[in-house]
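Structure record follows, encoded as structure tokens.
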Amino acid sequence: MANVLNVYDSFYGNTKEVALSIGRTLSEKHTVITMEAAGVTDDLIIKADVFIIGSPIHYWRPSQKIAVLLLRLQRNRVRGRIGICYDTRLEKMMAGNAVSKIARVFSSLHFITMLGKGEYFFVETSKGPLKLGEVSKAERFADRILSFIEGAAKDATQAPGFSLHA
Ligand SMILES: Cc1cc2nc3c(=O)[nH]c(=O)nc-3n(C[C@H](O)[C@H](O)[C@H](O)COP(=O)(O)O)c2cc1C
């Protein structure tokens with residue numbers, strides 16, 4: 001069991017849809033808190049064994065709220081946790097990249113990451129919906145995350161009080 005902080009930012013609900021799918025799968029085996037980036041407290045940051053961060057691409061990079069969250073991870077000096085990231089984006093040239101920027105922060109914090117640059121999901125238009133096939137891709141991604149955590153978090157000791165109501 002690990003404390004999993006499953007955080008997203010979502011303007012139109014598409015990134016949230018991916019986050020909820022991941023949260024559903026992981027909560028079968030772990031203590032999972034799925035929430036918007038803006039609500040994350042320092043206490044949750046300190047107690048999380050696993051960070052899953054999902055961001056829409058906004059102007060070729062992570063959204064403002066995710067950028068703030070990443071700064072808070074750095075400020076809290078969290079080190080050596082497990083980090084998994086993804087973004088949602090348009091399928092076009094010059095879409096930019098949020099996930100690799102999140103992965104870069106994970107790597108600067110010596111996080112164990114599942115993939116070098118994470119995963120991404122395409123939306124039809126800025127408002128969504130997710131493109132055909134992306135919902136099942138999210139479900140497969142969630143299964144892969146589950147296996148990865150089980151391998152990587154064998155020795156994770158769950159900090160007590162990992163709760164929204166602590
Ligand atoms: C202000 C703004 C800037 C955006 N910039 C980009 C971009 O640079 N590249 C891209 O692929 N999509 C861009 N998009 C589209 C978003 O990726 C899309 O709205 C998002 O994936 C939808 O996720 P959400 O429903 O969780 O907000 C932008 C959307 C907004 C609202």
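The values are calculated or read from the model by the stated rules, or taken from the named source; none is laboratory data. The structure presented is a predicted model; accordingly, all values stated were derived computationally and were not measured. Cβ coordinates were reconstructed from backbone atoms using ideal geometry, including for glycine residues, and neighbour counts include every protein chain displayed.
So that you can scan it fast, the table gives a plain yes or no per residue for (1) out of contact with any strand residue (DSSP E or B) (no Cβ under 8 Å at 6 or more places or on another chain); (2) within 16 Å of the ligand (Cβ to nearest atom); (3) modelled with pLDDT under 95:
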site: A2; (1), (2), (3): no, no, yes
site: A37; (1), (2), (3): no, yes, no
site: I53; (1), (2), (3): no, yes, no
site: L70; (1), (2), (3): no, no, no
site: K92; (1), (2), (3): yes, yes, yes
Step by step: first the residues of the range 83-123, then only those that are more than 12 Å from the chain's Cα centre (by Cα) and in a strand (DSSP E or B), then the one that is nearest to A153 (Cα to Cα). Which residue is that?
I112
Filter the range 123-145 for residues that are free of Cβ contacts under 8 Å to residues at least 12 places away in the same chain and either within 17 Å of I53 (Cα to Cα) or within 14 Å of the ligand (Cβ to nearest atom) (or both) and give the result.
E124, R140
For the range 140-166, what are the residues that are surrounded by 14 or more Cβ atoms within 10 Å (Cβ to Cβ) and not in a loop (DSSP other than H, G, I, E, B)?
F141, A142, R144, I145, L146, F148, I149, A152
Mind listing whichever residues of the range 94-122 are within 11 Å of the ligand (Cβ to nearest atom), surrounded by fewer than 21 Cβ atoms within 10 Å (Cβ to Cβ) and among the aliphatic types (A, V, I, L, M)?
M94, A95
Would you confirm whether any residue within the range 9-20 is more than 13 Å from the ligand (Cβ to nearest atom), within 13 Å of the chain's Cα centre (by Cα) and more than 22 Å from N97 (Cβ to Cβ)?
no
Could you check, for the range 65-78, whether at least one of its residues is charged (D, E, K, R), farther than 17 Å from A19 by Cβ and surrounded by 16 or more Cβ atoms within 10 Å (Cβ to Cβ)?
no
Counting only residues that are closer than 21 Å to R140 by Cβ and among the aromatic types (F, W, Y), the range 1-54 contains a total of 2
